[in-house]
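Down below is the structure, laid out as structure tokens.
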Amino acid sequence: MDQAGISRRSVLAAAGLLGLTATPAQATPAATPWYPSAKFGIFIHWGAYSAAAWGDARHAAEWYLYAMNVTDPARGTGTRDHHLKTYGADFAYDQFIPRFTARRYNPHSWVRLFEQAGARYFVLTSKHHDGFQLFRNTASDRNSVRLGPGRDLVGELFSAAAHTRLKRGLYYSLGEFYSPALGTAPRNPYTGAETPYTGYRPVADYVTQYEHVHLKTLIDHYDPDILWADGQGYHEFGGGPIFRPKTWDWRSDEILSYYYRNAADRRWPKSVLANDRFEASHADFATVEGDNKKYVLRPDPWEACLNIGKSWGYNENEDPTKIKSSVQLLRLLAEVVSKNGNLLLNIGPREDGTIADWMSSRLLDMGHWLRINGRAIYGSTPWTRAMDGDLCYTRTHGAFNLIPLHWPDGRLLVPGDVPIGPRSRIRLLGGHSRPLPWTRTTDGIAIELPRHRTDDFTEEFPAVLSVTDW
């Protein structure tokens, strides 16, 4: 038994109530049924940092509070210098909270955009590292109901999505950049004087009286399909230690057991998931952050969470050269899915709740592509290998799918061991219905393609060739 009186066996037993095929020998039980089929979700970073709306070359915009405190030029002082020049040394980070207004926030329009993008779930930041919460709770007044917008931003989005097919998730930062309860009270970056932590209520036990109260509130009042933890480890990046002391116990087995039991102990049990950042003995899926990773084919569910630009929160200083095109995002989606993963693509709304055109236009492009090619993405499973060069593979019901990330010039040559047999027919999804000619050669299988694409996309976009035996 751990300190909370909850064993790993109890957590996994609770997971078993939801149909997670866990055994004592399994380190990570299989995920719940809907998640591996969903493939595409929307991440939403939104909070007081959206009013600051500025990041530098080293720090993303949602790290503004921490970046203000970095004094070592080698670690990047761009945000610190910008803040001093723009707002002055006496302007505390918490003075951005009244500027976080959500005055044009329309959760129904967000939901429509997510649906049009082809997403099957979303994950909203209920509390990021700055400690500002987007929901009402009894542990703290540092939230969007008491301060800033004066609204339950989590509740409004969850209500707007309640009768859609979208699964609803919540991100929660276990630790915080600075907190009196963690022994890291916020200070003025320029004078060193301790500053108030707006809305903070003193607690003797951060985990019991604060973090677990928050998480139980999220579970009880919003019933999320996903809990997505972050901010779990001890770090020092030049602005002081953050998130937690070096020796620490989040007692996450206790909270995850509560979460699983809440989902199971009802008339109609539901499937729920938790990611791998709780520092717990159980996780339903692994997370890989950023697109600078080498994605690999994994047997268990995993998720690539990445940005359209550099920052996760809205950044007025975003470098246009760092913003991914729709084509790049779709190529990443195809690669991740071919490797048995889900893509959780982030957007950062402005402080008023509007979503920049350069974000929404890319989501709409992805939705247009998925309406034609989604049958090769949703519900797919990987083949024995994910890719050969720029050619991705997926399996769906009754079909083997070839996804060339670049449109081949007249002919696509695929390896001879792909499952194409004498009775196979190969069609371009979204194109004309006639099968494409193909021949088996000593070099592999050569598929003849139209001189020009007929699937409503330019040649830069990934294509999907569906191989069937009818």
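Among (1) in contact with a Lys or Arg (Cβ under 8 Å, 6 or more places away or on another chain); (2) modelled with pLDDT under 95, where does H397 come up short?
Only one criterion is unmet by H397, namely (1).
Where residues in the stretch 61-100 are surrounded by fewer than 22 Cβ atoms within 10 Å (Cβ to Cβ) and among the small types (G, A, S), which of them is nearest to S179 (Cα to Cα)?
Checking each candidate, the answer is A92.
Does any residue of the stretch 174-194 turn out to be farther than 20 Å from Y64 by Cα, under 21 Å from the mean Cα position of the chain (by Cα) and not hydrophobic (A, V, I, L, M, F, W, C)?
no
From the list R266, R261, R298, exactly one residue is outside any helix (DSSP H, G or I), over 29 Å from W63 (Cβ atoms) and basic (K, R). Which is it?
R266 is the lone residue from the list that is outside any helix (DSSP H, G or I), over 29 Å from W63 (Cβ atoms) and basic (K, R).
For the stretch 50-104, how many residues meet the condition of being part of a loop (DSSP other than H, G, I, E, B), over 28 Å from the mean Cα position of the chain (by Cα) and either among the polar types (S, T, N, Q) or within 19 Å of N346 (Cα to Cα) (or both)?
Looking only at that region, the number is 1.
Show the residue pairs that are 6+ apart or on different chains and have beta-carbon atoms under 7 Å apart, the first residue being within the stretch 279-297 and on the phi > 0 side of the Ramachandran plot, the second being crowded, with 18+ Cβ neighbours inside 10 Å.
E279/Q232; E279/W250; E279/S252; G290/L306
Of the conditions (1) more than 23 Å from the chain's Cα centre (by Cα); (2) in the same structural domain as E156 (by TED's automatic domain parsing), R266 clears all except one; give me its number.
(2)
So which of P408, P422 ends up being free of Cβ contacts under 8 Å to residues at least 40 places away in the same chain, farther than 30 Å from G150 by Cα and not aliphatic (A, V, I, L, M)?
Step by step, each of P408, P422 is checked, and only P422 is free of Cβ contacts under 8 Å to residues at least 40 places away in the same chain, farther than 30 Å from G150 by Cα and not aliphatic (A, V, I, L, M).
From the list A334, A280, A274, exactly one residue is assigned to a loop (DSSP other than H, G, I, E, B), crowded, with 19+ Cβ neighbours inside 10 Å and small (G, A, S). Which is it?
A280
In the stretch 201-210, is there at least one residue being touching a residue at least 40 places away in the same chain (Cβ under 8 Å), in a loop (DSSP other than H, G, I, E, B), in the same structural domain as L170 (by TED's automatic domain parsing) and more than 22 Å from the chain's Cα centre (by Cα)?
yes
If you take the residues in the stretch 116-131 that are not in a strand (DSSP E or B) and not acidic (D, E), which one is surrounded by the fewest Cβ atoms within 10 Å (Cβ to Cβ)?
My answer is Q116.
So which of N315, N373 is closer than 21 Å to W63 by Cβ and in contact (Cβ under 8 Å) with a residue 24 or more places away in the chain?
The conditions single out N315.
Going through L412, L370, L391 one at a time, which residue ends up being assigned by TED's automatic domain parsing to the domain that holds F457, closer than 24 Å to L344 by Cα and aliphatic (A, V, I, L, M)?
Selected residue: L391, the only one of L412, L370, L391 that is assigned by TED's automatic domain parsing to the domain that holds F457, closer than 24 Å to L344 by Cα and aliphatic (A, V, I, L, M).
Would you mind stating whether I355 is surrounded by fewer than 22 Cβ atoms within 10 Å (Cβ to Cβ), among the aliphatic types (A, V, I, L, M) and over 18 Å from the mean Cα position of the chain (by Cα)?
Taking the combined requirement at face value, the residue does not satisfy it.
Here is a yes/no grid of residues against (1) buried (at least 18 other Cβ atoms within 10 Å of the Cβ); (2) assigned to a strand (DSSP E or B); (3) in the same structural domain as S311 (by TED's automatic domain parsing):
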| site | (1), (2), (3) |
| --- | --- |
| E351 | yes, no, yes |
| N401 | yes, yes, no |
| R427 | no, yes, no |
| R434 | no, no, no |
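Table: residues versus (1) under 23 Å from T208 (Cα atoms); (2) touching a strand residue (DSSP E or B) at 6+ places or on another chain (Cβ under 9 Å); (3) among the β-branched types (V, I, T).
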position	(1), (2), (3)
N262	yes, no, no
R266	no, no, no
Y295	no, yes, no
W302	no, yes, no
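The values are calculated or read from the model by the stated rules, or taken from the named source; none is laboratory data. Not measured: the values here are computed from a predicted model. No Cβ is skipped: glycine too gets one built from the backbone with ideal geometry, and neighbour counts run over all protein chains shown.
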